[in-house]
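In what follows, a single structure is set out as structure tokens and then discussed.
Readers should treat all values here as calculations from the given coordinates under stated rules, not as data from a laboratory. Because the structure is a prediction, the values reported are computed rather than measured. Heads up, the Cβs are rebuilt from the backbone with ideal geometry, glycines too, and the neighbour counts pull from every protein chain shown.
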Amino acid sequence: MRRLHILILILILLSGLLLNACSSGARLNDIVSKNTASGGSSPTSPEYAAAMPEAEAWDDYDSYSYLSPAADIQYATAATMDSPGRAPQPSKIIRSAFMELRTDQFDEMVTLLRSAGQSYGGYTESSNLNSNHYGGRSRSRFFSITLRIPSESFDEALQYLEGLAQVTHSSQSSEDVSARYYDLAGRLETKRVEEERVLDMISRAEYIDDLLALEERLGQIRTVIEQYESQMISIDRLSTFSTFNVNLYEVTKEELVLISDTLGSRIQQSFVRSLNGVILFFQNAVIFFSGIIIQLIIIGIVVFAGVKASKFFIRRRNA
């Protein structure tokens, strides 16, 4: 009997919650009807969809990223087509370069690299000087730097940097992100219009439940707006200032040989590297054994004494 009473109480509570939800939906529909009757947009327009729980499906931001190649294919045509009478939009192209340099005038080259960004109207984003040895060479140092230089000076800056020292590796890349950028701009404008409409609906809401639902939707819209703006700022920054990543290695004059694609030169360089490797091996071996010579002497004495003692005991036992 007690279980029956509990079951009846649960059913009564569920019925009350269901009636409350239905009344809230009816009040929200009243808002739509009143706005439509007063000359507003139809209930299928985005501002009223924004007030509906199912309107989250209308917002496809989460399925889109400006870094997504699939999104580029889907939106590139619409985003890059210019409307009649509208001036073409400026392109958004991200350019970058990477290079490795070798020099026997390390300190001078480091100074020139550090001032290169400012010389072309840019700046140094990061730099790192490593005085540790690399490749087994005793006096070698390494310097890396990331420069941000205005994109219009990209070719001039590239030519200057490659002329500072011997280039062992160089690569450049460019990416046209115009379609992504202007698609984001269109989506951002749509979200701002939706934000204004939801604000207007909030000002005319009559019920607390409706007001809470609209304010929740407003928060979602403003979050998406911030994300769009952040992505557009990132694209602006990357396309306005190109990126140069430079690695500088210190070498001796003997190692600073001209790079040539001829077979003889490549064989010569390979032989020199092999010979240097053998010499370096023996140098390291001498240094290693010099460091443990005392330990080796002690071990030798112990082993010698052990052999002599074992022979003595063997002879004594046999006798």
So, with points 7 Å from each Cα along the Cβ direction, the Phe288-Thr124 label distance in nm works out to 3.9
Sorted on mean Cβ neighbours within 10 Å (highest first), peptides 115-125, 291-301 come out as 115-125, 291-301
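Under the 0.36 nm per residue contour assumption, what length would be gained going from the current alpha-carbon distance of Glu175 and Asn247 to full extension?
Between Glu175 and Asn247, full extension yields an extra 23.6 nm.
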In nanometres, the difference between 0.36 nm per residue of separation and the alpha-carbon distance of Thr168 and Thr190 is 2.9 nm
So, with points 7 Å from each Cα along the Cβ direction, the Thr223-Leu256 label distance in nm works out to 5.8
Nearest-0.05 FRET efficiency for Gln295 and Ser131 at R0 = 30 Å, using Cβ-Cβ distance, is 0.45
Per-residue Cβ contact counts at 10 Å, fewest first, order Arg114, Arg317, Arg273, Arg180 as Arg317, Arg273, Arg114, Arg180
Per the 1/(1 + (r/R0)^6) rule, R0 = 45 Å and r from the Cβ atoms of Ser153 and Val278, FRET efficiency to 0.05 is 0.45
Here FRET efficiency (C-beta to C-beta, Ser115 to Glu216, R₀ 41 Å, nearest 0.05) is 0.15
